[in-house]
Amino acid sequence: MSYPHLLSQTEFYLSSSAAANLPDDVGLEVAMAGRSNAGKSSALNVLCTKKALARTSKTPGRTQLINFFRVNEDACLVDLPGYGFAKAPLKQQQKWIKLLEHYYSTRKALSGTVLVMDIRHPLRDADYSMLEWCVFNRCDIHILLNKCDKLGRNQANQQLFAVRKELSEVAEIGVSVQLFSALTKVGLDEAAEKICHWLDLAPKKAPE
């Protein structure tokens, strides 16, 4: 059984717009974060081998809630609001930030964050703010340099090397980085394996 297959039973569970509406803090969770329009929802759909698990849009800032997707009774994927270019009133954006700060500072079930970036525009100021939240709250990070299909192989690898080098100079906790494409599924197995590791899921061994 492959790692993406282990996520294929994932289903929408609930949405939360306030700290009081968060589900019980039990089991294990992996958060999906990223700048608006980095392809976070598309990545989540591909990782779970479903076309419309998380709603996608070309309009930045569509994800305005914390959306919980249940992998099984003990594990969830958590789709966080996109940041950095949300087309919403300032008051609404401040509300999201407050909710995210509460989530990261209190959530004991959180075992890791998948941070989705457009490989053509990685490590923007908003990305660093997200990284700082994770560092402050001791949450490991796995970065998907998404849309690598938009670049040639050499250019994509150069970006991967540059991002790893820059992070090695600033990161204080575990940060891993990989190439990814929600369109062509480059890096799918590697990303799914990381998520399954955080959620304590393992593929069944074939009978001998």
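The values are calculated or read from the model by the stated rules, or taken from the named source; none is laboratory data. Quick caveat: nothing in here was measured; it's all calculated off a predicted structure. Using ideal geometry, Cβ is built from the backbone for each residue, glycine included, and neighbour counts are taken over all protein chains shown.
Inspection of region 29-43 finds a residue satisfying the criterion of being buried (at least 17 other Cβ atoms within 10 Å of the Cβ), modelled with pLDDT of 90 or more and touching an Asp or Glu at 6+ places or on another chain (Cβ under 6 Å).
If you take the residues in region 58-79 that are over 14 Å from TRP198 (Cβ atoms), charged (D, E, K, R) and assigned to a loop (DSSP other than H, G, I, E, B), which one is modelled with the highest pLDDT? Before the answer, list the steps.
So in region 58-79, the residues over 14 Å from TRP198 (Cβ atoms) come out as 58-70, 73, 79.
Keeping just the survivors that are charged (D, E, K, R) gives 58, 62, 70, 73, 79.
Those still in the list that are assigned to a loop (DSSP other than H, G, I, E, B) too: 58, 62, 73.
Numbers: LYS58: 49, ARG62: 48, GLU73: 94.
Once the filter is applied, the top-ranked residue is GLU73.
Would you check if GLY82 is farther than 23 Å from LEU183 by Cβ, touching a strand residue (DSSP E or B) at 6+ places or on another chain (Cβ under 7 Å) and either crowded, with 21+ Cβ neighbours inside 10 Å or modelled with pLDDT of 85 or more (or both)? Here the answer is no, as GLY82 does not meet what is asked. Whether any residue in region 104-111 is part of a strand (DSSP E or B), closer than 19 Å to LEU28 by Cβ and touching a Leu at 6+ places or on another chain (Cβ under 6 Å) is what I want to check. Yes, region 104-111 contains at least one residue that is part of a strand (DSSP E or B), closer than 19 Å to LEU28 by Cβ and touching a Leu at 6+ places or on another chain (Cβ under 6 Å).
Taken over region 18-28, the residue count meeting the criterion of being surrounded by 14 or more Cβ atoms within 10 Å (Cβ to Cβ) and not hydrophobic (A, V, I, L, M, F, W, C) is 2.
State whether the residues of region 138-151 include one that is farther than 14 Å from GLY34 by Cβ and touching a Cys at 6+ places or on another chain (Cβ under 7 Å). Write out each step before concluding.
Filtering region 138-151 down to residues farther than 14 Å from GLY34 by Cβ leaves 138-140, 148-151.
In the following step, the residues that additionally are touching a Cys at 6+ places or on another chain (Cβ under 7 Å) were identified as none.
There is no residue in region 138-151 that is farther than 14 Å from GLY34 by Cβ and touching a Cys at 6+ places or on another chain (Cβ under 7 Å).
Considering only residues that are of a type outside the set (Lys, Arg), assigned to a helix (DSSP H, G or I) and under 21 Å from GLY82 (Cβ atoms), which ones fall in region 127-155? Give the derivation first.
Looking only at region 127-155, we keep the residues that are of a type outside the set (Lys, Arg), and these are 127-137, 139-146, 148-149, 151-152, 154-155.
Right, trim to assigned to a helix (DSSP H, G or I) and you get 127-136, 148-149, 154-155.
Selection gives ASP127, TYR128, SER129, MET130, LEU131, GLU132, TRP133, CYS134, VAL135, PHE136, CYS148, ASP149.
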